[in-house]
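Report on one structure; see the data block that follows.
No value in this document is a laboratory result; all are computed from the given coordinates. Note that the structure is a prediction, hence the values are computed from the model and not measured. Positions of Cβ are generated from backbone atoms using ideal geometry, with glycine treated the same way; all protein chains shown enter the neighbour counts.
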């Protein structure tokens, strides 16, 4: 695999630099043991300490305040991975290329890969043996029509095998998921308490937002703790049939997290990668029945019904191969769901729906009820078509709110008053420049504005959307309000809105039509 | 393009970390002005000072010895690019994705791109606006059959336009180039003095080795200075008709250097990218007649004659579109050329050939004479077929040596005695394990052994190859000697040879045959 010359030749140091998902090792130019030039630029080195090995990109420094000539520095993530204390003896070696690189090259050259190839590649990716450059090459080489559906199945299966697989010891473990791209679409926080109140097991683990202004975990974190050890999570699910937690600690499909670190900056979200990413996470999390939401619209991830149907078939094929029961629903993705965009704003919307509050956004309520209804119908005691009414009864009766309060209490409640949510105190409003009807809301641009305002890291930041598709406005009326907590963020967001407000006004007949179930 | 909130809000600091070609900016987690979280992980930031702007990847630190909360740090390369002193006021902004990203996405999706698309992409690449991830995506998306020959022409033309284009004010400016992959292949250092002695203008600018154990610039640097301002280079060429310099300072096809920084770690060298890389550099350097060497062999870059012919046609098409006269020669690439591999060892071989020394490697002499002959034949006064004899006369008469001495003097001679070259003092020998005939020498593995030994950074390190294809050896006889200057390097090289010595022994009829002109 690689070569070491002198065991434990240097002294380990933690360098307090956050290099994100890329491990970086810092070597002094006048290193006592290794000549920095001996290591190829941009190739990885293998760092060894106490029997542990990690791969890292080498950076060379001449500043002894970063590392001294007898030391090897590791960036924060890399330091955590090597798992020994500062001062521990450490050695480095030239890292050989990952053994799956040959398979990667075959894929770049357009070959079809087999099950073992995907296993080898995914194993190397999960072990952080791929550089950003190699990851990017894999993502592009498997983009478009480059993966057939059998290959997508191999990839998904390999991703499941790369990490932990939870077992809830239940006959039916349900989940719902959306392919993303629609701001404010926090239906999980309503679907989970509804179906759990009915008695279904729904251990929801979510990611944090990566390029969106809020993920379910970010929004739930406004109301409760979302990071907890797996044992505690498991205990909560046993007691309450559900949780709404961050999935990052459970080591589910770890290769997915690594791949996302390059897919997102590239804005690549090919069907094969999307299917592998979503299904591997869900199956690793122990689900056996999934309702999947595919929104379509002019600024959604999927823009046409034929495209949505093609994606549905791929999801269904791979789910079937992996023994997952899957129910795909194609939904209206022409605009954001609900009113708030950003963690606190979305938590407010969710709580208003649960409380049957007069200001609760009706689109969020309706969509959540329909998704919950579909999920409920996997219960063999519920007749097809009855799910919606049962979900509505659970919500209207307050049982969903009660269940949500149980989950919040169990996870560790945080103070939150939906009547007085702690929104970013700095605001500005975007108003209509003319009379007209709202004929378009750009999901992507609206998400960017909320992100510039500070969401999701600044919980109270985001966009409060006061007008939706089809509504008439007069010139000067407020379309949406932006909340921020820092002057720089407010300025960034204002500049973004002045370039493109994300809202188009026109005549009623210019509204994009959509032909979906709900 | 991007947004700034407060002009000159931070104080610039140089962080003495070499991050290779990737610009890195360091921000303290408790920064006074910007919230580090406000910047998306892995997206670039734009750094502005004194009207200059550069893009950089953001790393966040909590160590005030790296940067303090009121400072912004830049890695060494990035600091050099911004071009102001430490302590200068500086601001940062979210960088928008490069404007050509849309064209990149179209290429990833398999579309054919037009001239303007390539211009936009190459402009952004040359300006360091692409991240490593985006560069890698471009390289993979333009790999294989993904570029038609018209697109290769567009790419080459855009790469020429991305930098400076030299004009020597001469009717005929000649050059030779090899596509690479053959260790020891230092023919340029012989061809240049031969053709210059004849009177042709040959301003040879070369790169340093990136993944090979020595480039022409590394080897020439043993004998003379190779880094000089363009004015001095120009003066040398005016006086002596030739130079042998490093091309890095002349800003020729700068996008090529950036692309190479990801192509090399990926070991991708697709025909389209190779043609664009080589021809853009040559045309930017002002050449109008080029002899191109394509070696073929089992461990060469090109492995078969049909592949070599296909590559030749692509080179010829693009050269023709760009008005470059091109003469492609396909050569024997079954093994290293000459005896030494590594800068000092190769300089010794070159000087021995020039001196008509009895130990001069005959394969290096013959190949250089044939290439020089082909180049001489672009002189309208030389009849086709006479070039070789003229080149031989120039070499045998000592005129080539004299010309080389002139060039060395003009560039700034370094002390060098070919009878006592300063080789790495630590050595070991690799011997034959059995009686037999040398039936294979793996170019790639031989290069790696020389690199592990320290070449090209350690000038005296490398491999002295004592046996070549077809020679008979007895068990225990020395096949090659490895030179190193540092114990770690010697150990790395020894481990590499024990895994794979790069030399195969067998029966005479097992030798790979080759059908090439020379």
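Let's test the formula: R0 of 51 Å, r as the Cβ-Cβ distance of residue B:511 and residue B:317. What FRET efficiency results, to the nearest 0.05?
Once the sixth-power term is evaluated, E becomes 0.90.
Shortest first and in nm with one decimal, please list how far the residue A:164 label point sits from its counterparts in the other copies (point 7 Å along Cα→Cβ).
So the distances to the same position in the other copies read 5.8 nm.
Along its three principal axes, how long is the protein assembly as shown when you only count alpha carbons? Whole Å, largest extent first please.
Principal-axis extents of the protein assembly as shown (Cα, largest first): 104, 62, 53 Å.
For helix B:132-141, report the angle its Cα long axis makes with the longest principal axis of the Cα atoms of chain B; keep it between 0 and 90° and round to the nearest 10°.
Helix B:132-141 sits roughly 50 degrees off the main axis of chain B.
Sort A:468, A:414 by Cβ crowding within 10 Å, fewest neighbours at the top.
Final ranking by Cβ density, sparse to dense: A:414, A:468.
Helix B:230-240 versus the longest principal axis of chain B: what angle, 0 to 90°, nearest 10, using Cα atoms?
The angle comes out at about 20 degrees.
Post the alpha-carbon centroid distance, segment B:190-246 to segment B:300-376, in whole angstrom.
Each part reduced to its Cα centre gives a spacing of 16 Å.
Within segment B:274-306, list the residues whose amide N lies under 16 Å from a label point set 7 Å along Cα→Cβ of residue B:167.
B:283-288, by backbone N distance to the label point.
Which angle between 0 and 90 degrees, to the nearest 10, do you get for helix A:387-396 versus the longest principal axis of chain A when only C-alpha atoms count?
It works out to around 80 degrees.
What is the P(r) of segment A:366-412, as percent of Cα-Cα pairs per 10 Å bin from 0?
Spelled out bin by bin, segment A:366-412 gives 29, 44, 24, 3 percent.
Alpha carbon centre of segment B:464-517 versus segment A:460-518: separation in Å?
70
Give me A:124, B:63, B:231 ranked fewest to most by other Cβ atoms within 10 Å of their Cβ, as a rough exposure proxy.
B:231, B:63, A:124
Scaled to the compact-protein estimate 2.2 N^0.38 Å, what is the alpha-carbon radius of gyration of segment B:86-184, rounded to two decimal places?
Normalised Rg, Cα atoms only: 1.38.
What distance in nm separates the simple spin-label points at residue A:127 and residue A:355, each placed 7 Å from Cα in the Cβ direction?
Taking the two extended label points, one gets 5.3 nm.
Rg and Dmax in Å for segment B:332-414, alpha carbons only: what are they?
That works out to 13.7, 38 Å for Rg and Dmax.
Return the tail of the calculated pair distribution for segment B:212-336, meaning the percent of Cα-Cα pairs more than 25 Å apart.
For segment B:212-336, the fraction of Cα-Cα distances above 25 Å is 32 percent.
Once you keep just the Cα pairs under 8 angstrom separated by 6 or more residues, what percentage relative contact order results for chain A?
14
How far apart are the residue B:397 label points across copies, placing each 7 Å from Cα toward Cβ, in nm, shortest first?
In ascending order, 10.8 nm.
Compute the orientation-averaged projected area for segment B:281-339 from the convex hull of its Cα atoms and round it to one decimal in nm².
Dividing the Cα hull surface by four gives the mean projection, 4.6 nm².
In whole percent, what relative contact order does segment A:173-269 give with Cα contacts below 8 Å and a gap of six or more residues?
The value is 28 percent.
For segment A:140-228, what relative contact order do you get, as a whole percent, if you take Cα pairs closer than 8 Å and at least 6 residues apart?
Relative contact order, segment A:140-228: 21 percent.
Sort A:274, A:511 so the one with the fewest other Cβ atoms within 10 Å of its own Cβ comes first.
Sorted ascending by nearby Cβ count, the order is A:511, A:274.
Can you give me the distance in nm between label points at residue A:402 and residue B:234, each placed 7 Å from the Cα along the Cα-to-Cβ direction?
8.8
Taking every pair of distinct Cα atoms and averaging 1/r, then inverting, what Kirkwood hydrodynamic radius in Å comes out for chain A?
24.6
Along Cα→Cβ at 7 Å, what distances in nm separate the residue A:382 label point from those on the other copies, shortest first?
Residue A:382 label point versus its equivalents elsewhere: 8.6 nm.
Beyond 29 Å, what share of the Cα-Cα pairs of segment B:337-485 is found? Please give it as a whole percent.
27
Determine the percent antiparallel among the DSSP beta bridges restricted to chain A, to the nearest 5.
So the antiparallel bridges in chain A amount to around 55 percent.
Label point 7 Å out from residue B:434 along Cα-to-Cβ: which residues of segment B:494-514 have amide N under 19 Å?
Within reach of a label on residue B:434: B:498-512.
Using only Cα atoms, what Kirkwood radius does segment B:62-120 have, in angstroms?
Computed over Cα pairs of segment B:62-120, the Kirkwood hydrodynamic radius comes out at 15.0 Å.
Within segment A:264-288, name every residue whose backbone N is under 19 Å away from a label modeled 7 Å from Cα of residue B:102 along the Cβ vector.
So the set is A:266-269.
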